[in-house]
Each structure stands twice: as structure tokens, then as C-alpha cells.
Amino acid sequence: MSQAGRSWQESLDGFLLAEELGFDHGWLVDHLVDTDLGPGEPIHEAWTLLAALAARTSRIRLGVLVTSNTFRHPALLLKSAVTVDHVSGGRLILGLGSGWNADEHRRYGIALPEPPERVDRLAEAVELIDLLQRQERTTFDGRFYHVDDAPLEPRPVQQRIPLLIAAHRPRMLRLAARYADQWDTFPAIPGASTDGVALTVADQIALLDAACREIGRDPDTIRRSTWAEAEDVLGSVAAFESFVDTHRRLGFTDFSAVLPRTGDRDVLERVAREVLPRLREADAASR
């Protein structure tokens, strides 16, 4: 539920609608300008908005799909995440990615390293976030990030905040295999973070599974999520069912559709009323 072009009230209404309809999770985006409609459109900052939404909702899990590692020091990000986890009563999923949009970085004077360094930075950030959640005090002297005897107090409401990593290329997939509770991907889209990705989704799955086996991790311990634009999957109930069926056969566990900015949401309500109960019944029967 991108906050781009939406007021605070419109973002709140979207999350309350998703919760009322029975969806499992809702997501903001982490952008400083609207990367779809252009930099003149309004967009609220993701983590402060997420905290406000956490306080006004009660059931739905929530997060940022995904947080750009280039925008915040990982220790500060984790402090924000723990705060949202407390405000939400333990409903946060921490989504992370390496960062990608050059225009917004330029406009706000934020450095955007070349892709290899971005992955290096994210790998170090994820390691630090993991250590801070596991240790009472953390000292970390990395190439990019440093903390000295840093506590994480208060601790999260959840024993450990689930970590979602967006990964579409080999090095990022190996990072997800090591640290992610949930892996997120979507097909190549021009002008998005998957622009130029040569691997198909099936190729990505094969690489992720192989990377898990290489380090002795069961690939089935990673949830797998994907999303699609509203016009692709909310044009009809059948389109949504086809989207889910296709990706369930590939092993995906979580599915998101972009909330329509305006207009008729009849299909969204029918999906919630007719499709979600069937999916949950099928999932329970398969366990």
C-alpha cells in the first residue's frame, strides 16, 4: 500500500480496510520521492508513518517492502524497528534491500555506491542487525558500520523480529539464504529494482535453494513472497486466483497485490470474501 500520492488519512484508511477484510500483512514503500508518478507527488517517510499505522491497527502484520539500506545506519534502523514492534504489539516484519533508485539519492544528497558495494554494505548491515538482537552488548568494527558496546534496549516484543530480504541476483540470494526469514522477489520490471535482472523467478528459486543447502539450511524454513500490480491481479477474481496458483506451485507462501489508488475495489473485497478462506483451508489441510 504505497504511501506515494496518498495523505495520512488515505494511508490509514488503506491499512484499516486491509485489516477489516482479513488480509494478513500490509506494506509501505521506502522512497523519498514518488518513483512512479514523479518527484512532484507527495510521499510520507516510511518508518514514521509505519509507527503511526501500527498504533491505529490491531491485527495485521506490517512492514516496509523494503527498507533501503542506504538511507539509515542499521543500528538506528533496528531501534526504529523495535519501537514499531512495541507499538504494534509484535506485528512487525523488517524488510531490507540494498537500495537502488539513483534519482532520489541524488536529490537528497545520499550516496548511492555501485551495486557490488551496496551488497557488501547490506551484508554487513544484516550481520550487525542479527548480532544486536542476539547479544546483550554488541561491539562491531566493520568496513562500513561500527558500534561500540551497544545495547538493544528495550528488546523486541517478538523474540526476534522476522527479517525479510528482497533478492533477485546471485549474491543477494546467498545473503537471503543465510539470514532471511522471508525472501521477496518479483519479475523484471523496467524502472524498478528488478530492471535488468536476467534470472527468471524459477532460476532465483533454484539458486536460493542451492545456497541454503550449501550452508546446511533447510530451504523450506524461508517464507517466500511476491507481489504484482493491481491491474495484473485485481482485474478479476480469476486473475488473482491464477496469480496465487502459479506462484504457489513454485513454492511461494505469501502474495501481495498493490492497493488500487482510486476506483472500484469490488474485486479486492470479493477476493477477501471468497478466495482467502479457500486458500487458508487448503493451506491448513496441506500441513
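The values are calculated or read from the model by the stated rules, or taken from the named source; none is laboratory data. For clarity, every value in this text was computed on a predicted model and none was experimentally measured. Positions of Cβ are backbone-derived with ideal geometry, glycine not excepted, and every protein chain shown enters the neighbour counts. The accessibility values were calculated without ligands, DNA or RNA, using every heavy atom of the protein model including side chains. Shrake-Rupley method; radii C 1.70, N 1.55, O 1.52, S 1.80 Å.
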>> Looking at GLY99, GLY90, can you tell me which residue is in contact with a strand residue (DSSP E or B) (Cβ under 6 Å, 6 or more places away or on another chain) and in a loop (DSSP other than H, G, I, E, B)?
In response: GLY99
>> Looking at the stretch 148-174, I want the residues that are over 22 Å from ALA123 (Cβ atoms) and have a partner that is in a strand (DSSP E or B) and open to solvent by 30 Å² or more (accessible area, probe 1.4 Å) with Cβ atoms under 7 Å, at least 6 apart or on another chain. Which pairs are those?
In response: ASP149/ARG137; ASP149/THR139; PRO151/ARG137
>> Every residue in the stretch 155-167 that is in a loop (DSSP other than H, G, I, E, B) and touching a Ser or Thr at 6+ places or on another chain (Cβ under 9 Å), please.
In response: VAL157, ALA167
> Residues of the stretch 168-212 being among the polar types (S, T, N, Q) and in a helix (DSSP H, G or I), which ones?
Replying inline: GLN204
> Only one of (1) open to solvent by 50 Å² or more (accessible area, probe 1.4 Å); (2) free of Cβ contacts under 8 Å to residues at least 40 places away in the same chain; (3) not in a strand (DSSP E or B) fails for THR139. Which number is that?
Replying inline: (3)
> Looking at (1) open to solvent by 10 Å² or more (accessible area, probe 1.4 Å); (2) more than 30 Å from ARG278 (Cα to Cα), which is the only condition GLU104 fails?
Replying inline: (1)
> Here are some residues: ALA238, ALA228, ALA188, ALA211. Which one is open to solvent by less than 20 Å² (accessible area, probe 1.4 Å), within 30 Å of ASP264 (Cα to Cα) and without any contact (Cβ under 8 Å) to a residue 60 or more places away in the chain?
Replying inline: ALA228
> Out of the residues in the stretch 31-46 that are in contact (Cβ under 8 Å) with a residue 40 or more places away in the chain and open to solvent by 20 Å² or more (accessible area, probe 1.4 Å), which is farthest from ASP195 (Cα to Cα)?
Replying inline: HIS44
> Of these, LEU50, LEU62, which one is touching a His at 6+ places or on another chain (Cβ under 8 Å) and under 25 Å from ILE129 (Cβ atoms)?
Replying inline: LEU62
> Within the stretch 214-225, restricting attention to residues that are in contact (Cβ under 8 Å) with a residue 24 or more places away in the chain and part of a loop (DSSP other than H, G, I, E, B), which residue is nearest to LEU96 (Cα to Cα)?
Replying inline: ILE222
>> Condition first: open to solvent by 30 Å² or more (accessible area, probe 1.4 Å) and either in contact with a helix residue (DSSP H, G or I) (Cβ under 8 Å, 6 or more places away or on another chain) or not acidic (Asp, Glu) (or both). Now tell me which residues in the stretch 12-30 satisfy that.
In response: LEU16, LEU17, LEU21, PHE23, HIS25, VAL29
>> Given (1) open to solvent by 20 Å² or more (accessible area, probe 1.4 Å); (2) out of contact with any helix residue (DSSP H, G or I) (no Cβ under 8 Å at 6 or more places or on another chain); (3) not in a helix (DSSP H, G or I), identify the lone condition not met by GLN9.
In response: (3)
> Among the residues of the stretch 114-133, which ones are under 18 Å from HIS168 (Cβ atoms) and open to solvent by 10 Å² or more (accessible area, probe 1.4 Å)?
Replying inline: GLU114, PRO115, PRO116, GLU117, ARG118, VAL119, ASP120, ARG121, ALA123
